[in-house]
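**Student:** First, the structure itself, so that you have it in front of you.
Here, each number is a calculation from the coordinates, and none is a lab measurement. Because the structure is a prediction, the values reported are computed rather than measured. Because the Cβ atoms are built from the backbone with ideal geometry, glycine has one as well, and the counts that use them run over all protein chains shown.
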Amino acid sequence: MIKCVVTKPWPLARQLLVLQLVLVGLLVGAGAVLAYVDAGRATDDNAREEVLAVAETVADSPSVEAALETADPSAELQPFAERVRADTGVDFITIMSPEGIRYTHPDPDQIGKEFIGNTAKALAGQAFTETYTGTLGPSMRAVVPVFGINGKVVALVAVGITIEAISDELNERLLPLAGVAVGVFVVGVAGSYLVSDRLRRQTRGVAPAELRDMFEYYQAILHSVREGLVLVGRDGRIALCNDAARDLLRLPADVKGAAVADLDLAADLAAALTADEPRSDELHLTDTRLLLVNTMPVESRGRSMGNVVTLRDHTDLQNLTGELDTVRGFAESLRSQAHESANRLHAVISLIELGRTDRAVELATAELETAQQLTDRVVGSVTEPVLAALLLGKLSEASERGVELELTADTAMQEAAEDVDSRDLITILGNLIDNALDAAVDNAAERSPKVRVTVRSEADGLFVRVADSGPGVDEDADIFRRGWSTKPDGEAGRGLGLALVGQAVRRNHGAIDVANDGGAVFTVRLPISSVR
């Protein structure tokens, strides 16, 4: 029986620990080698500077010049050189004639013999240093000229430190260097273990391949869902935001880490993103969209982690609902007209049965003429079918509610909108007329209810004006904010119509003005770039 042994890959934390240990070992080793090389170089430089300084000091000494003028320079120079050598710690001080004959030497037997080494540069008047093997072995030496009164070289001074002494000094530095290297290695190993242990706890012992697969799945899911997803940290900053959310909220690509309060979001929407309590299916308006927002606070191990926020685009559904309401209203209007026509038809039949045919013809002709004039007035002025249907429906609704809905004489829209979506036109004109009808009816006790509507194509765009006989509006109020309403139930049941109007106008880069002239007057202008 063959058994298959599957080797489980090392967790990421263990792989990182091994990698860190190898890197720490390499770095400490490389650092120790570089420190050793640097220490050796520094030791050589110190020795070179020391022998050169001692040689120049001896060469400038008046005692040397005075001894050179005597019959036996060695008698005075040898004790002097030895005292200086003992005081400075150098290995030899040799004072010699220009021909290289020694006046001094640590080994008295070498006095009077020829100096072993190079003297050409010194005889030319230039001090120099070199490494040379002499009677005391390899040494770092400096050779300096001694100038007489006439400026000529009258003697040479050689000062040196043996390589063995330099090596002994370097070895003294190695012990603390080795201690530092061991200490750094121990600290590096301890730090690597702590980092690895923390990583192990955070990754829960998952192997790199598993993490890679999880991340790829996470990325695929995050960017493929059509709903917006936003993770808001407990500090109020964006921790994650997928493509759909950036598009819905019109956020920049580098939004991660930004504070919600610093984003260009409506105050109520920003509050929903950072709410401490769950929010379910809240409607929020942006400049161009109507969003359905859900917020769910998340906790881990009893600690708040922030909020998970989902966003759904409700704009199309709202627009379709508006269209449906318009069609439903139009259908209700037609049904009402059919009912009214049936009543009038019964009256006409009754008149015929009573033999009052002339009165029956008069009643039927008048009714037909009135209806036809109304239809001809709308269709003749507005050839845009969507707006024409909307206006016919609103005219019938106004008639039922006892409001005089008047199309002004300058209403003329002979061309359809090119870039303005018909649903936006329905949103703008439909909501303005609905609000105007409500205001006129509510103020019927003060004045005769009336609404005047103007829709026309101009050279620079589309012009829409709706005026009512209501009490007017506060021009300083934020009437296009969602929830604003003059009705008692305000935020809960109303306050969405004008907000949608403002949104549709902004979406088409237009402008809307509000004034009071015997009632509220709303004027909308959509630019030529959006209208054919």
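**Student:** Extension gain A75-V308, at 0.36 nm per residue separation less the Cα-Cα distance, in nm?
**Tutor:** Extra length from A75 to V308 when fully extended: 74.1 nm.
**Student:** Sticking with this structure for a sec: If amide H atoms are built 1.01 Å from N in the plane of the peptide, which residues on other chains or at least 5 residues away come under 5 Å of the amide H of I101?
**Tutor:** Under 5 Å from the amide H of I101 lie the amide H atoms of F115, each far enough along the sequence or on another chain.
**Student:** I'd like the FRET efficiency for E82 and A120, computed as 1/(1 + (r/R0)^6) with the beta carbon distance as r and R0 of 22 Å, rounded to 0.05.
**Tutor:** The value I calculate is 0.20.
**Student:** Any chance you could tell me what percent of the C-alpha pair distances in the stretch 42-85 go past 17 Å?
**Tutor:** I get 39 percent for the Cα pairs in the stretch 42-85 exceeding 17 Å.
**Student:** Long-range amide H contacts for S469: which residues qualify at under 5 Å (H placed 1.01 Å from N, peptide plane, sequence gap of 5 or more or a different chain)?
**Tutor:** Long-range HN contacts for S469: A440, K450.
**Student:** Taking Rh as the Kirkwood radius, which is the inverse of the mean 1/r over Cα pairs, what is the Rg/Rh value for the stretch 225-313?
**Tutor:** When Rh is taken as the Kirkwood radius, the ratio is 0.93.
**Student:** Ok, one more. For S63 and E404 in one chain, what is 0.36 nm times their gap in residues minus the Cα-Cα distance, to one decimal in nm?
**Tutor:** Stretched out fully, the S63 to E404 stretch lengthens by 109.8 nm.
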